[in-house]
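Report on the structure given below.
Read the figures in this text as sums done on the coordinates, not as results from a lab. What you are looking at is a predicted structure, and each value in this text was computed from that prediction instead of being measured. In this analysis, Cβ positions are derived from the backbone assuming ideal geometry, glycine residues included, and neighbour counts consider all displayed protein chains.
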Amino acid sequence: MDRVINYPGQIPLETDLLRTNRNIMVAIGKMAHALFGTSTIVNGLTVTQDTPASMRVAVGPGEIYALANLDSTAYSSLPADTARQVVKQGVNLDTTFLTLAAPGTAGQSINYLIQATLTEVDLLPTVLPYYNSGNPAVAFSGPNNTGQPQATERDVIVTLSAKAGAAAATGSQQTPSPDANYVGLYVVTVANGQSSITNAHISLFPGAPILPSAGMVRGGFQNNQFSAATAGGTADAITANFNPQVTAVADGMTLFVRASAANTSTAPTFAPGSLPARAIVKGNNLPLLASDIAGAGHWLEMTYDSTLDKWVLLNPAFGASASIGVGQTWQNVTGSRAAGTTYYNTTVRPIQVLVALPDTSSGAPTVTINVGGTNIITTMTYDTSSLFGTAIPSFIVPPGASYSVTLGGTLGAIASWCELR
């Protein structure tokens, strides 16, 4: 932090104080930059109903942090500085009330967006005393004795507004987007005929950049509130809004999402905020299994891998490489299988095949089993007098491999065909 130096006996200059104020602002801004980055962040400014309930909402005290020019206009005798920017802190110490109106058409509702922006304004105009060199005992009133009042304080504040969406049939009304340089905080829904607004009509705007109420360190870092969210979208196309919102991904970034349903696809996707959807994999770029996202309530721990440009699920329900049989069931597929036909394992895991043959034979019956183009059993004969004489050994088919069972001799149709998949 820069500090102004003064010396004993020196005649102080007004720029000494001005530069001190600016240096303090820069120091606080750089600290905020290190903590929050340069995206606009809000602390507090909670929107609640009026007391007693009315058509007003109350926006509580709070702060906004946003990147702004060092000084957009001259700061007394210090010139404007628009070439450099710093994160500034706008502060509202008091509650602000906003009045909303219900739509005039029956059956319609309006969504109001409560939005905020950082504003700098020069306030407290005062006629200041100035040194009168002609008569030092009598001060000039204002510059050059003009009596002109001058601003005595440059405030950085939070400017709030309620932006109305278009009235529409209740349930179909849309929330408007924030205006330029504004961030959305809360949504207030007002219906035709409504005479008061309660907290039930107020909800958080998706992606509102509001810091956790428990505080930056304890609420944000210790409780993972910055990196945890509830899933939106669908079971196989997951979305999530974080607070503050994720605006870019980086290698090793880890996010936590509470799932809403089990995945059915082996290639689900994840899109935080408004970022593009990317595939979710596990282990070393392995596809997921159905229900690797176990279902509603499963906390998903996902890390972005920049080499793969994918999200790696660190806690799949069946592990990075689940053993055969885990999450699989025996299925009777006799109706869709026939001897001498080639099939393919189109799943992402090995399957096991068990075939039973007819209990009649003559003429040295044979069986040939081919997996992936290789005969693993050839001209096998079996004894029908044996307890297990009508079953051939089960076999494993790797993912993507072909498999077939060919009968020779006088064997008829296959009796049954079951697969563990």
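FRET efficiency for the Ala151 to Thr105 pair, using the beta carbon distance and R₀ = 60 Å, is estimated at 0.85. Of all aspartates and glutamates in the structure, the ones whose alpha carbon falls short of 14 Å from that of Lys88, not counting any fewer than 8 places away in one chain, are Glu63, Asp71, Glu120, Asp155. Ordering Ile351, Ile24 by the number of other Cβ atoms within 10 Å of each residue's own Cβ, fewest first, gives Ile24, Ile351. Karplus-derived 3J(HN,Hα) values for segment 124-130, using 6.51 cos²θ - 1.76 cosθ + 1.60 with θ = phi - 60°, are 6, x, 9, 7, 8, x, 10 Hz; glycine and proline are entered as x. Mean separation of Cα pairs under 8 Å and 6 or more residues apart, divided by the residue count, gives the chain a relative contact order of 10 percent. Between the helical axis of 14-36 and the longest alpha-carbon principal axis of the chain there is an angle of about 10 degrees.
Amide H to amide H, with H built 1.01 Å from N, Lys88 comes under 5 Å of Ala66, Leu67, Ala68, counting only residues 5 or more places away or on other chains.
The relative contact order of segment 226-313, computed from alpha carbon pairs under 8 Å that lie at least 6 residues apart in sequence, is 31 percent. Could you work out the helix-only [θ] at 222 nm for the chain, with each DSSP H run of four or more residues adding -39,500 (n - 2.57) and the total divided by the number of residues, to the nearest 500 deg cm²/dmol? Only helices count here, giving -2000 deg cm²/dmol. Once the mean of 1/r is taken over each pair of separate Cα atoms and inverted, segment 14-204 shows a Kirkwood hydrodynamic radius of 19.5 Å. This structure gives Cα Rg over 2.2 N^0.38 Å, computed directly, and of (1) 0.96; (2) 1.63; (3) 1.01 that value is listed as (2). Sequentially through segment 248-263, phi angles give Karplus couplings (6.51, -1.76, 1.60; θ = phi - 60°) of 7, 10, 9, 4, x, 4, 10, 10, 10, 9, 7, 5, 9, 6, 6, 6 Hz, Gly and Pro residues having no value and appearing as x. Ranking Ala151, Leu128, Ser141 by how far each Cα lies toward the positive end of the dipole of the chain (charges on Cβ) leaves Ala151 at the top.
In sequence order, segment 151-158 has phi-based couplings of 4, 10, 8, 9, 9, 10, 10, 9 Hz under the Karplus curve 6.51 cos²θ - 1.76 cosθ + 1.60, θ = phi - 60°, and Gly or Pro positions carry x. Residue order for Glu14, Glu301, fewest other beta carbons within 10 angstrom first, comes to Glu14, Glu301.
Close amide H contacts of Thr234 (hydrogens built in the peptide plane, cut-off under 5 Å, sequence separation of 5 or more or a different chain): Thr239.
Taking 0.36 nm per residue of sequence separation and subtracting the Cα-Cα distance, how much length would be gained by fully extending the chain between Ser54 and Asn375, in nm to one decimal? Taking Ser54 through Asn375 to full extension adds about 107.4 nm, to one decimal. When Ile64, Ile41 are sorted by how many other C-beta atoms sit within 10 angstrom of their C-beta, beginning with the fewest, the order is Ile41, Ile64.
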